[in-house]
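Here is the structure we will look at.
Read-outs throughout are calculated quantities, based only on the coordinates presented, and are distinct from any laboratory measurement. Just so it is clear, the structure is predicted and the values come from calculations on it, not from any experiment. Cβ placement follows ideal geometry from the backbone for every residue including glycine, while neighbour counts extend to all protein chains displayed.
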Amino acid sequence: MTKYDVLIVGGGSVGCAVAYALSRYDLKAAVAEKELDVGMGTSGRNSGVVHAGFNNRPGSLMAKLCVEGNEGFEALCKTLDIPYKKTGKLIVGYDEADHQALIKLKEQGEKNGVKGLEIIDGAAIRAIEPDLPASWAMLSRNTAVFNPFLYSIHLAEASAQNGVQYYLNSPVTAVEATEEGYRVQAGDHTLACRTLINSAGLFADKVSAMAGDPSFTIYPCRGEYYLLDKGTLKMPVYPVPRPGVGGLGVHLTVTVDGNILIGPSADYIEDHEDYSTTEPILGQLRREAMILLPTLNMRTVIGTYAGVRPKLVKKGEANFGDFVIERSPKAKHLINLIGIESPGITASMPIARMVLDILSEDTELVEKPDFVPTYRGIPPFAELSRAEQRALIEEDPDYGDVVCRCETVTRAQVKRALHNPIGATGVIAVKNRTRSTMGRCNGGYCFQRIVELLLSEGKAPQDIDLKRRGDRPLLGYVKGGQA
Amino acid sequence: MERADLIVIGGGPAGLAAAVRAKEKGVDRVLLLERNPVLGGILNQCIHDGFGVLRFGSAMSGPEYAARFIQMARDAGVETVTGAMVVELSPDKKVTYITPQGLFEVQAKAVILSTGCRERTRGALAVPGNRPAGVYTAGVVQYLMNMRNIAFGKNVVIMGSGDIGLIMARRMTLEGARVHCVLEKLPFCSGLPRNVRQCLEDFDIPLCLAETVKEIHGDDHITHVITAKVDEKGRFIPGSERTIPCDVLVLSVGLIPENELAKACGIEMDPVTGGALVDGDLMTSVPGVFSCGNGLHVHDLVDLVSEEGERAAEHAAAYLEGAANKPMVPVTVSGGIRYVLPRQLTAGEDGYLSMRVMLPGRDQKLTVTAGGRTLVSRKMKRVMPSEMIRLKVKDVPACEQVEVSLV
């Protein structure tokens, strides 16, 4: 049994941010994650927006940590090589009631300490986005977009480089209180820890209960999305928030790579991991998106997906549940991070700092002299200059072998993704690190090339995972056939 | 900077034929760029027969058909670079490509785009439901099964009746899978009649018309699909649902000309075909850049792809010789024609038209007229959307427009 000072349950953005923050100190820390890679739950299934903090109730943890997180986000992304673009964002309205609502929203934002908010009229809107029919908008200059997959991944890989151990494909099935802390069954691993940090997202209520604090219930609330090909949208466009809706309303977002997202809806569901999309909701997304931007070309749809929010409020209840960030009053070795939904990623670093404060109550935090704060990910070949591309190919000819046509991802990048520092496996590890299979052909070109690379490294076809353990897309070889 | 008279982008059937014909026409340096390690394009994974009936009078396999042209290219002195992904075509015809040997820029005097097509995906259809493993486009299954001996599932449903889907229905049956059915949303098949006979009827695989997948189910791996009949407007008919258990869903729901390079170059596109807009010389809106093959519009037979590649090469050769700009006559269509290509013909020369119909039909008349004069009149005993109609217009007159009509 391996012993840790701290075990983090859940390798989402918050768990990975905590791991990265902890990795600065002389502690033995590990992360247990049930999926094949980090950032696979809510952290990878969202709009990829760094929120400014005007949507959240003044005085709440959500508001405070979101504003703090927004301030530090760009620097963090630079340190960890996470794609980030300060696009700004428009919240648009159509009539005088909307105009008044926007003025109120701006006041709320300013109360929260948000800077860079401005109410603009139709002409000013069209100077930014010519095809928007809105009459009024609040422009938020500090809203940004980022790559949500690489956010968790680079935090995790940077923390791994500083000594944090990752147990992937290791769902926590049992937590037993001991004299010094906990004994935890995570997949095939039995792990001991002094402090358990619960950042289990959609399952944080269950992990908390296993660790002795059954005070919480998570209500899963699904949001469905359309993903469109790269377009000309410059910044996210949101509608004026409607009270009583479990989200920010269906909006258009430009991703850091230039794709357009439509979504998310907000529907309470039964199964915490039901990532299905549904025809009525997709229809609603199409209709609402066309109101925001009538010229939107739905022929450029690449796919659909869904994410699930871990809500602490039930359907129909007043729609506010603040983040829970606390040492459990019922279990002294348990630090709970519960109900971390939007703006959870924006707030993840401030959350991690709060965790450090709580942890320091009973754990000495000594800085390591050899801590390396910076991390460089896989070079994004497609975005480099021709001279940089030429230099990479000279260094490694695999950079001259294009595996993914839509996103211009090379064999060298795919290889690096397959041999990542945290041991993530599956085609998903390649997808989320390189964008291969994410483009308009849905992997029609690159999937077979990734499979060939895996086969050439000695993997049997029937052992290749797609997204999760057990979703083996290939059966083996045909009768009489072989590699 | 390195220079070439003509760069052909894409070494499949269109590009190979174009490169060979360009050499035959006396073009000096012809450079053929192919992204795969071998020439031949998609033909290499098409191990079934039926290629070359028009051209060579014998039904060959895809690799055999490709081998003929590869040999011709060698004999003709076409320079080829394989493993070369073209990443940029500039409007002044500078081509940038990447190989494991480096990043190269070549200045061409003329360019032929023969970039082929890609498959429509499940994502583009936005079929509701979960996104489990086990859903593939037909071409991916074809490549991995034929080139890498990979086996897929045992219970197969095929969505869409495109030709590759029909071919793979037979192929997977021969590998021991049970292909439950081929579902086609339209009331008629999208694939060629010969494939329906040889791939479905001969193997007792049902072709279910006006029926499609409504939902895809399975948490990690696909477990079943729910299908439903659709009415004439494509809406699901309530109560017609059935559940089909399967571990593979193969999509054959259409092909899209691949034109990312052309679009990035600023070439004008045709929203109906998904390819470039070309004139009677198969030249795009960028002078000296030509387009042909499935990258221009999706063909039914490879023989016609090769032929179009050759015509593009002939026009490119004439362009390189400095042939004077010739007057173009616009082509208009009426009746049941979905598209005609090109939308301009060169006055004073023979013109070649390719077209597809919207709906199947019988005993119709196809006419080409110019200023009230009938240039071509052809009785069409049977027309099918899956079959491309080809037409030669002899000595196109200088006139206001050429009208094509099918009634």
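Structure notes:
- Positive dipole terminus of chain B, leading residue within B:G134, B:N36, B:V368 (C-beta point charges): B:V368
- All lysines inside 16 Å of B:K233 as judged from Cα atoms, apart from same-chain residues fewer than 8 positions distant: B:K185, B:K214
- Leading residue at positive end of dipole, the stretch A:381-463 (Cβ point charges), from A:L453, A:T437, A:Y399: A:T437
- Each of A:T87, A:T2, B:T367 has some number of other Cβ atoms within 10 Å of its Cβ, and from fewest to most they run A:T2, B:T367, A:T87.
- Over the stretch B:210-351, relative contact order from alpha-carbon pairs under 8 Å, at least 6 apart, %: 16 percent
- Listed by number, the DSSP H helices of chain B that run 18 Å or longer by alpha-carbon position along their axis and have mean Kyte hydropathy of at least -1.0 are B:62-76, B:302-320.
- Among B:F69, A:F203, the order by Cβ neighbours within 10 angstrom, fewest to most, reads A:F203, B:F69.
- Treating r as the C-beta distance of A:T217 and A:T374 and R0 as 56 Å, the FRET efficiency rounds to 0.90.
- Set of aspartates and glutamates with alpha-carbon distance to B:K381 below 16 Å, sequence-local pairs under 8 removed: B:D363
- Restraint check, A:K86/A:K368; A:K85/A:K115; A:K64/A:K330; A:K78/A:K368, Cα-Cα greater than 24 Å: A:K86/A:K368; A:K64/A:K330
- Cross-link check: pairs A:K206/A:K314; A:K314/A:K431; B:K25/B:K394; A:K3/A:K34; A:K415/A:K459 evaluated at a Cα-Cα cut-off of 24 Å; pairs beyond the cut-off: A:K314/A:K431.
- Label-reachable residues, the stretch B:58-94, where backbone N falls under 20 Å from a point 7 Å from B:D49's Cα toward its Cβ: B:58-69
- Bridging of A:K104 to aspartates and glutamates at a Cα separation below 18 Å is possible for A:D95, A:E96, A:E118, A:D121, once same-chain residues fewer than 8 apart are set aside.
- If you plug the beta carbon distance of A:Y94 and B:E268 into 1/(1 + (r/R0)^6) with R0 = 45 Å, you get a FRET efficiency near 0.80.
- Projecting the Cα atoms of A:V38, A:G307, A:V250 onto the charge dipole of chain A, computed from C-beta unit charges around the Cα centre, puts A:V250 farthest toward the positive end.
- Relative contact order, whole percent, for chain A stands at 19, derived from Cα pairs under 8 Å and 6 or more residues apart.
- Surrounding net charge for A:C66, when Lys and Arg each add one and Asp and Glu each subtract one, Cβ distance under 12 Å: -2
- Look at A:V409, B:V78, A:V9 and count the other Cβ atoms within 10 Å of each Cβ; fewest to most, that gives B:V78, A:V409, A:V9.
- Working from label points 7 Å from Cα in the Cα-to-Cβ sense, the A:R141 to B:D75 distance is 7.1 nm.
- Measuring from each cysteine beta-carbon in chain A, the ones with no other cysteine beta-carbon under 4.7 angstrom are A:C16, A:C66, A:C77, A:C193, A:C221, A:C406, A:C441.
- Spin-label pair A:E317-B:I226: with each label point 7 Å from Cα along the Cα-Cβ axis, the two points sit 3.1 nm from one another.
- Pairs of Cα atoms farther than 41 Å apart, chain A, %: 18 percent
- Check: chain A dipole with +1 on Lys, Arg Cβ and -1 on Asp, Glu Cβ, in debye: 700 debye
- The tail of the calculated P(r) for the stretch B:137-208 beyond 14 Å holds 53 percent of all Cα-Cα pairs.
- Inter-site label distance for A:M1 and A:D463 at 7 Å from Cα along Cβ, in nm: 3.1 nm
- Environment charge at B:L43 (Cβ cut-off 14 Å; Lys +1, Arg +1, Asp -1, Glu -1): -3
- As a calculated quantity, the FRET efficiency between A:M290 and A:R57 at R0 = 45 Å, using C-beta atoms, amounts to about 0.90.
- Relative contact order %, the stretch B:121-253, counting alpha carbon pairs below 8 Å whose residues are six or more apart: 34 percent
- For the stretch B:75-101, no residue has its backbone nitrogen under 17 Å from a point 7 Å from the Cα of A:A387, taken along Cα to Cβ.
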